[in-house]
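The values are calculated or read from the model by the stated rules, or taken from the named source; none is laboratory data. Keep in mind the model is a prediction, meaning the values are calculated, not measured. Counting neighbours? That spans all protein chains shown, and the Cβs are built from the backbone with ideal geometry, glycine included. The protein model used for the area step is the full one, side chains on, heavy atoms only, and it has no ligands, DNA or RNA in it. Shrake-Rupley method; radii C 1.70, N 1.55, O 1.52, S 1.80 Å.
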Amino acid sequence: MLVNTATANALEYITERAADANRAFVPGAQPAFADVANDVSPARFVLDPMSVAPPSDSYFITSDERGRTAYTQNGALAMSNGTVVASNGRPVLGFGAPDGPLTELRIDPVDLALGRATGVRVDADGSVDYTRSSVDPRTGARENERVVIGRLALARFPAATKLPQADAERVLAPAGVIPHIGRPDDGNFKAVAPMHRASSRIDLDLSLSRLNDAYIAFDALQAAHKAQSSTGKTAMDLLK
């Protein structure tokens, strides 16, 4: 059976509404439809030293599956082969040196190779550090020191900027818009919240209500299409 344009559009709209509802539990997820956006919800505590919530108006800097620079509020970070990565496995950018450029944050390759890096964590100023364990060859005493590999970068956009979606968690910078980049707790950006995770920006109740409205509109469209087809058939029968 052929599907007309109106029906195809209605089905696509339902799919998009359902996608918003599904993202209601994804940390830092942004809604595709502004009418289901919620007020900023407080970040929730998690027992993960690499999870961190950004300030409500700020984003971590990473990339999407196509390699484009992307921004996310999902601070569920992890280590992958010694590199700090976002939830999609792509590197999160930061500053390896106080006056250095944006770069990937990596554990010292020697420490990584020798298995001397443990206890990676993120601090309130965005510092990512780990414990370096070593043994004094003269005394045999084990020594531990904290090593900072860099600070996470934060990005902030002008107020009311409409950010295009890259995927469920990540947004892109609009053409011609350059975000302000800085470090947590640097005087321009607020501190991040260690061992917290940002909540979704999608109101589940509103999303389900709008999805229900979309289904009702679809049913009405189908009924109208059926009635139109029936009327056309009756007219043809009268002409016979």
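Measuring from a point 7 Å past the Cα of Ala124 along Cα-to-C-beta, which residues in the range 134-153 have an amide N at less than 17 Å?
Hits in the range 134-153 for Ala124 at 17 Å: 152.
Quick one: among Tyr130, Tyr59, Tyr215, which has the greatest mean-square fluctuation in a GNM of the chain with alpha-carbon springs under 10 angstrom?
Judging by the Gaussian network model, the answer is Tyr215.
Round to the nearest 10 and give me the degree value, 0 to 90, for the angle of helix 5-22's Cα axis relative to the longest principal axis of the chain.
30
Compute the accessible area per residue over the range 1-136, keeping the other protein chains in place, probe 1.4 Å, unit Å². List each step's numbers first, then the result.
Values: 6690 Å² over 136 residues.
Per residue, the range 1-136 has 49 Å² of solvent-accessible surface.
Ignoring ligands, DNA and RNA, what percent of the accessible area of the range 112-213 is carbon or sulfur (1.4 Å)? Don't jump to the answer; show the numbers that get you there.
Values: 2800 of 5480 Å².
Carbon plus sulfur share of accessible area: 51 percent.
Any idea what Rg and Dmax come out to for the chain if you just take the C-alpha atoms, in Å?
In order Rg, Dmax, the Cα atoms of the chain give 25.0, 107 Å.
Give me the number: length gained by fully extending Ala227 to Tyr215, i.e. 0.36 nm times residue separation minus the C-alpha to C-alpha distance, one decimal in nm.
Working: separation 12, 0.36 × 12 = 4.32 nm, distance 1.82 nm.
In short, 2.5 nm is gained.
If packing is taken as the average number of other Cβ atoms within 10 Å across a peptide's residues, how do 65-73, 176-184, 220-228 rank, most packed first?
Numbers: 65-73: 18.0, 176-184: 15.3, 220-228: 11.6.
Top to bottom by mean Cβ count within 10 Å: 65-73, 176-184, 220-228.
Tell me the Kirkwood hydrodynamic radius of the range 88-211 in angstroms, computed as one over the mean inverse distance between distinct C-alpha pairs.
Working: mean 1/r = 0.0568 Å⁻¹.
Averaging 1/r across every pair of different Cα atoms and inverting gives 17.6 Å.
Please list, in order, the residues from the range 100-134 whose amide nitrogen is less than 19 Å from a point placed 7 Å along the Cα→Cβ vector of Met195.
It comes to 118-131, nothing else.
Sort 156-162, 51-57 by the packing proxy (mean of other Cβ within 10 Å over each peptide's residues), most packed first. Before the final figure, lay out the partial values.
Numbers: 156-162: 11.3, 51-57: 21.6.
Ranked by mean Cβ neighbours within 10 Å, highest first: 51-57, 156-162.
Let me know the charge dipole size of the chain about its Cα centre in debye, to the nearest 20, where only the beta-carbon of Lys, Arg (+1) and Asp, Glu (-1) is charged. Kindly include the intermediate steps, with their values, before the conclusion.
Details: 25 positive and 28 negative charges, 67 e Å.
Charge dipole of the chain: 320 debye, to the nearest 20.
Assuming 1.306 mPa s and 10 °C, estimate D for the range 1-100 with Stokes-Einstein, Rh taken as the Kirkwood radius over Cα pairs, in µm²/s.
Details: Rh = 16.2 Å.
Rounded to a whole number, D works out at 98 µm²/s.
What angle, in degrees between 0 and 90 and rounded to the nearest 10, separates the Cα long axis of helix 204-239 from the longest principal axis of the Cα atoms of the chain?
Helix 204-239 sits at roughly 30 degrees to that axis.
Rounded to the nearest 5, what is the percent of antiparallel bridges among the DSSP beta bridges in the range 56-148?
Numbers: 23 of 23 bridges.
Within the range 56-148, antiparallel bridges account for around 100 percent of the total.
Round to a whole angstrom and tell me the spacing of the C-alpha centers of the range 66-94 and the range 190-212.
First find each Cα centre; the distance between them is then 20 Å.
Rounded to the nearest 500 deg cm²/dmol, what is the calculated helix-only ellipticity per residue at 222 nm for the chain, with -39500 (n - 2.57) per DSSP H run of length n ≥ 4? Walk me through the intermediate numbers first.
On the way: 3 runs with 59 residues, N = 240.
Taken over the chain, the calculation gives -8500 deg cm²/dmol.
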